[in-house]
Amino acid sequence: MKQDTTQATPFELVYSRIAILSVKIEVKTYLTEPITEENFQKTLLRRTYNLMETLENKWRKAVDNIQKSQEKQKKRHNNQLPDKPVEFKNRDKVLLHHTKVEKQWSEKFNLKWNRPFHIEKILGNKAYKLRLNNKILTKAAHRDQLKLYQNIISILTSNISQLRAQKILV
């Protein structure tokens, strides 16, 4: 089976030919001339040079295919990365990720983000203390567990102002 990356089977890369099971073929050989030591050496040398040439070409092609595949993988990976992580400020409204939902199938339809909290204190090392109403949470939250809260009104007003700036909406 051909590998996706090299576009060749491992057998082809080692032996420079396609693997064929001996039970599938019936090999008929015809001796055209008697085998002598000199004839054997010439045939062996010719076959060795032929193998070296074809193997080298196959290896080069495999290396090129591997490099192309790695470039595709790198582009795909880079496209999935976020542009820039958000840094929060004091008093920002944020949503806290509800990690329990991802670990339990029974809660898979529950909300993945908890109600809006306020950033109370920046602890450093990407950690934040959160406040809900007048109560400060005891556990700190990491930046990866937070996302900026935007209510529907602020989203709509920002969209309207963008449309007006582009002179689409008057």
Which value, in Å², gives the accessible area per residue of the stretch 35-86 when a 1.4 Å probe is used on the protein heavy atoms?
-> 96 Å²
So, by mean Cβ neighbours within 10 angstrom, what's the order for 6-12, 48-54, 88-94 with the highest one leading?
-> 6-12, 88-94, 48-54
Of LYS74/LYS139; LYS72/LYS93; LYS74/LYS147; LYS75/LYS121, pairs whose Cα-Cα distance is over 32 Å = LYS74/LYS139; LYS72/LYS93; LYS75/LYS121
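The values are calculated or read from the model by the stated rules, or taken from the named source; none is laboratory data. All values reported here derive from a predicted model rather than from experimental measurement. Positions of Cβ are generated from backbone atoms using ideal geometry, with glycine treated the same way; all protein chains shown enter the neighbour counts. In case anyone asks, the SASA skips ligands and DNA or RNA and just uses the protein heavy atoms, side chains included. Shrake-Rupley method; radii C 1.70, N 1.55, O 1.52, S 1.80 Å.
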